Amino acid sequence: MPYTLAQKSRILQKIIAKANALLLAAEDDAAVDEVMRTFGVSFEEGAMPVDPQRSKILVFGALAGSLKDYQLAAKKLGIPSENIVFESDYERLHNYDTARLRFNSDFSDIVFGPVPHKQENMGNTSSLLAEIKRCPNEYPRLTVASANGTLKLTITSFRNALSQTRYFESKA
């Protein structure tokens, strides 16, 4: 049976949930080793390398200017527009399924700007930003875009945020 990308994503989320449950239930190092053998993984320190040809940056939040201006700013930093996904429609962000970001390997980074406080699949968490900060290893690298001490995606805060991404670091 050919699976769609959405179906594969849901299957991955189910596998991750099972692996997570097994790992959390492991009571000692031997049990953790057994879970790792089951899934054929080994523990290595450090972040996973980023493949600039495959990874993307998710820009998550309302933009203060036009999309074309942001794409041009990224291009000037050497980041092609096809390597950036903009989720910037404030009204659509209300219904954005935030569970899609957890354990997501499509994105190396999230540039976070102003978003609605509550979104889909947030559970008891107060906000997506709080959840990513609470569990940073479960999400792409977070970079917060701010201006004057508040969440804001201006061209300047966007350029600054892009320069702190794994994607940008891997190109240097």
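No lab work stands behind these numbers, since they all come straight from the coordinates. Only a predicted model underlies this, so the values are computations on that prediction, with no experimental measurement involved. Heads up, the Cβs are rebuilt from the backbone with ideal geometry, glycines too, and the neighbour counts pull from every protein chain shown.
Brief remarks on what is shown
- Under 5 Å between amide hydrogens, built in the peptide plane, is the criterion, and for A147 it picks out K152 among residues at least 5 positions away or on other chains.
- For region 69-77, 3J(HN,Hα) computed residue by residue from phi via the Karplus equation (6.51, -1.76, 1.60; θ = phi - 60°) reads 5, 5, 5, 5, 4, 5, 4, 5, 8 Hz, glycine and proline entered as x.
- Fraction of beta bridges assigned by DSSP in the chain that are antiparallel (%, nearest 5): 10
- Residue order, fewest to most surrounding Cβ atoms within 10 angstrom, among M1, M36: M1, M36
- Of Y96, Y90, Y167, the sequence from fewest to most neighbouring Cβ atoms within 10 angstrom is Y90, Y96, Y167.
- Other-chain or far-sequence residues with amide H under 5 Å of V85's (modelled H): I57, L58, V59
- Stretching D89 away from K68 to a fully extended chain increases their span by 6.1 nm, per 0.36 nm per residue minus the current alpha-carbon distance.
- With contributions of -39500 (n - 2.57) from each DSSP H run of at least four residues, the per-residue ellipticity at 222 nm computed over the chain stands at -11500 deg cm²/dmol.
- Nearest 10 degrees, 0 to 90: helix 5-25 Cα axis against the chain principal axis: 50
- For Kirkwood radius over Cα pairs in Å, the value calculated from this model appears in (i) 16.1; (ii) 18.8; (iii) 17.6 under label (iii).
- Sorting I155, I57, I79 from the fewest to the most surrounding beta carbons within 10 angstrom yields I155, I79, I57.
- FRET efficiency, 1/(1 + (r/R0)^6) with R0 22 Å, evaluated for S127 and A19 via beta carbons: 0.25
- A crude spin-label estimate for the pair K76 and N148, with each label 7 Å from Cα along the Cβ direction, gives 2.1 nm.
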